[in-house]
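Everything below concerns the one structure shown next.
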Amino acid sequence: MEFVTANGATLPMIGLGTWELKGRSCARTVEQALRAGYKLIDTAEIYDNERDVGDGVRASGLRRAEVFVTTKVWTEHLAPRELERATKASLARLRLSEVDLLLIHWPNPRIPLAETIGALCKMKRAGFARHIGVSNFTVALLDEAVKHTTEPLAVNQIEWHPHLDQTKVVAACRRHGMAVVAYSPMGRGAVLSEPVIREIAVAHGKSPAQISLRYIIQEGGVVVPRTARLDRLTENLAVFDFVLDEAEMAAIRGLARPNGRIVDWSGAPAWD
């Protein structure tokens with residue numbers, strides 16, 4: 001495993017995303033992932049699986065310090081009192097005294113960002129989160145969030161894969177010393193049939209999925225692919241024993257599309 005450091009936080013460069021994983025299958029997948037070598041587990045209040053994730057973390061037998069747990073506060077709970085209540089409820093479901101990273105899941109234009117960021121900082125000072133950050137923030141929102149924060153913001157988690165050019169947002173994160181965590185790093189499978197990806201995979205003796213993950217990692221991102229299959233869990237980890245050359249990286253960058261976004265949430269502000 002390789003790691004990235006950002007504003008005091010040290011994140012494994014690959015983790016397990018748990019969106020749509022539920023119940024015993026979720027708990028078993030989390031346990032298997034951690035036993036296979038994963039160190040980062042990503043969940044959220046809205047996923048309705050925090051209890052299952054917590055069960056999987058405990059079943060793995062790993063010490064708490066060996067597992068980096070991220071959760072996110074849903075957009076309807078960003079007013080200060082609601083954010084505190086939601087954070088405590090997430091911890092209760094996870095059965096943890098703190099999470100390693102607490103994120104705002106989506107910005108909410110109806111609630112002043114200064115109030116939300118202030119409440120998020122309070123959660124860190126209170127010991128409920130070791131690190132804090134945001135998710136789905138544009139360049140402008142990142143700049144505003146940094147102006148209001150009294151604690152380091154470690155992460156911006158965004159949709160990022162070869163079909164979606166996130167150059168501007170990634171550059172803004174780097175300017176602020178923040179790490180970028182990529183969800184849907186394979187475009188929910190859409191990029192895996194691209195001839196360019198397949199040709200590069202053959203050249204390296206790797207799968208198209210591994211090429212997509214390696215691309216984001218070499219661009220400096222942390223990836224949190226979701227899978228419930230043990231063979232895919234192992235495959236996704238095997239991305240640190242090869243390097244894409246600059247010509248291959250440029251070819252993959254060339255796959256970006258104007259309509260490359262997968263996640264469509266009508267309440268989100270316009271992206272830069």
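Amide H contacts under 5 Å for Leu40: Leu16, Phe68, restricted to partners 5 or more places along the chain or on a different chain, H placed in the peptide plane at 1.01 Å from N. Convex hull volume per residue, computed on the Cα atoms of region 56-95, equals 72 Å³. Each Cα pair under 8 Å and six or more residues apart adds its sequence gap; the mean of these over the residue count of region 209-253 is a relative contact order of 50 percent.
The accessible surface of the chain, taken with every protein chain in place and a 1.4 Å probe, is 51 percent carbon and sulfur. Across region 1-155, the relative contact order, built from alpha-carbon pairs under 8 Å that are at least six residues apart, equals 20 percent. Here the Gaussian network model covers the chain, with springs between Cα atoms less than 10 Å apart; of Pro109, Pro208, Pro258, Pro258 fluctuates the most. Highest mean packing comes first when the peptides 238-244, 100-106 are listed by Cβ atoms within 10 Å, giving 100-106, 238-244. Rounded if a/c is under 1.5, else prolate if a/b is larger than b/c, else oblate: which is region 1-86, with a ≥ b ≥ c the root eigenvalues of its Cα gyration tensor? Since a/c reaches 1.5 but b/c is at least a/b, the shape of region 1-86 is classed as oblate. Measuring how big region 124-183 is from its alpha-carbon positions, Rg and Dmax come out at 11.8, 40 Å. Quick check on my link table: of Lys39/Lys168; Lys22/Lys147; Lys88/Lys168; Lys22/Lys168; Lys72/Lys168; Lys88/Lys206, which ones sit more than 32 Å apart, alpha carbon to alpha carbon? Pairs exceeding the cut-off: Lys22/Lys147; Lys88/Lys168; Lys22/Lys168; Lys88/Lys206.
One equal scatterer on each Cα of region 32-189, no solvent, Debye formula: the resulting log10 I(q)/I(0) at q = 0.11, 0.15 Å⁻¹ is -0.42, -0.79. Of all beta bridges DSSP finds with both residues in the chain, what is the antiparallel percent, to the nearest 5? Antiparallel bridges: around 15 percent, rounded to the nearest 5.
Here the relative contact order of the chain, from alpha carbon pairs under 8 Å that lie six or more residues apart, stands at 19 percent. Computed over protein heavy atoms with a 1.4 Å probe, the accessible surface of the chain works out to 42 Å² per residue. Applying the Karplus relation 6.51 cos²θ - 1.76 cosθ + 1.60 with θ = phi - 60° to region 160-174 yields 3J(HN,Hα) values of 7, 7, x, 7, 10, 7, 10, 4, 5, 5, 4, 4, 5, 4, 5 Hz, where x marks Gly and Pro.
Taking Gly177, Gly221, Gly17 in turn, the Gaussian network model of the chain (Cα-Cα springs below 10 Å) assigns the largest fluctuation to Gly177. Look at the dipole of the chain built from charges on Cβ: of Gly187, Gln218, Pro112, the Cα furthest out on the positive end belongs to Pro112.
With θ taken as phi - 60° and the Karplus curve 6.51 cos²θ - 1.76 cosθ + 1.60 applied, the whole-hertz 3J(HN,Hα) list for region 49-64 is 9, 4, 5, 5, 4, x, 4, x, 4, 5, 5, 5, x, 6, 5, 3 Hz, x standing for glycine and proline.
Rounded, prolate or oblate, given the Cα gyration tensor of the chain, with a/c below 1.5 counting as rounded? Judged from the Cα gyration tensor, the chain comes out oblate (a/c at least 1.5, b/c at or above a/b).
The values are calculated or read from the model by the stated rules, or taken from the named source; none is laboratory data. Source: prediction; values computed, not measured. As a convention, Cβ positions derive from the backbone with ideal geometry for all residues, glycine included, and neighbour counts pool all protein chains shown. These accessible areas exclude ligands, DNA and RNA; they are computed on the full protein's heavy atoms, side chains included. Shrake-Rupley method; radii C 1.70, N 1.55, O 1.52, S 1.80 Å.
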